[in-house]
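The values are calculated or read from the model by the stated rules, or taken from the named source; none is laboratory data. All of these numbers come straight from a predicted model, not from anything done at the bench. Please note: Cβ atoms are built from the backbone with ideal geometry, for glycine as well, and neighbour counts cover all protein chains shown. Accessible surface areas use protein heavy atoms only, side chains included; no ligands, DNA or RNA. Shrake-Rupley method; radii C 1.70, N 1.55, O 1.52, S 1.80 Å.
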Amino acid sequence: AITVLRTDKNGIIFYLDGVQKAFSDPTIHNGSLNNNNPLRIGREFGTFASQFKGILDEIELFKRVLTPGEVLSIYNAGSAGKCKPNSNGGSVSGTVWHDTNHNGVKDPTEVGLTQWTVLLNGSAIAQTETDNNGNFDFADLKPGDYTLSVAGKNDWSCTYPLGGRHPIKLGEQQIIDGLHFGFADDPCSSGQ
């Protein structure tokens, strides 16, 4: 990690494995950092431009100088970094199926529809596609109000739910399954 406090003669601090290793003086560079140039990370710019040879992992910029303790905490997070592998969010899931008899009920012989786009709008906005069995899942969701819908396709109509949408009120770590959508193809539209 590198931290920079431009007003301190030892204000550039280089960290290795979460520990301070070297200092540099940023006060010898006068002027403003405000400019319209692109930010270059891992590459030197100029006549003798060169590429950084190494690995840059989890780059993050802050509007303040991190404390040595904060830098050490980030390092100590290990391979998980600042990402949290264990989700505390909720999830919603269901199936999009081919309603062959147009009755709005999933019968045992009716199959899931593959690669249909499912849309989630509300406290988060996301989309996913159904798998080979017509299943979909949205995970790691914050609590809040959502609307779940499916992007329709030409010559298909939604038979369930009425209006083609599921309103959802998702609580903390709540798991809601069974949000299904039935679609029937219209033989009159397709010429069959």
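For LYS9, list the aspartates and glutamates whose Cα falls under 12 Å from its own Cα; do not include residues on the same chain fewer than 8 positions away.
By straight Cα distance, LYS9 reaches ASP25.
State, to one decimal in nm, how far the label point of LEU16 lies from the label point of LEU61, with both points 7 Å from Cα in the Cβ direction.
Going from the LEU16 label point to the LEU61 one covers 2.7 nm.
Using a 1.4 angstrom probe, figure out how much accessible area the stretch 101-192 has per residue, in square angstrom, rounded to the nearest whole.
I get 61 Å² per residue for the stretch 101-192.
Tally up the carbon and sulfur contribution to the accessible surface of the stretch 64-183 as a whole percent, 1.4 Å probe, everything protein left in place.
51
Testing the spin-label approximation: label points 7 Å from Cα along Cα→Cβ at ILE74 and VAL111. State their distance in nm.
Each label point is offset 7 Å from its Cα along the Cβ direction, giving 5.0 nm.
Could you pull out every one of the aspartates and glutamates with an alpha carbon less than 14 Å from that of LYS142, ignoring same-chain neighbours closer than 8 positions?
Result set, ordered by chain and number: GLU172.
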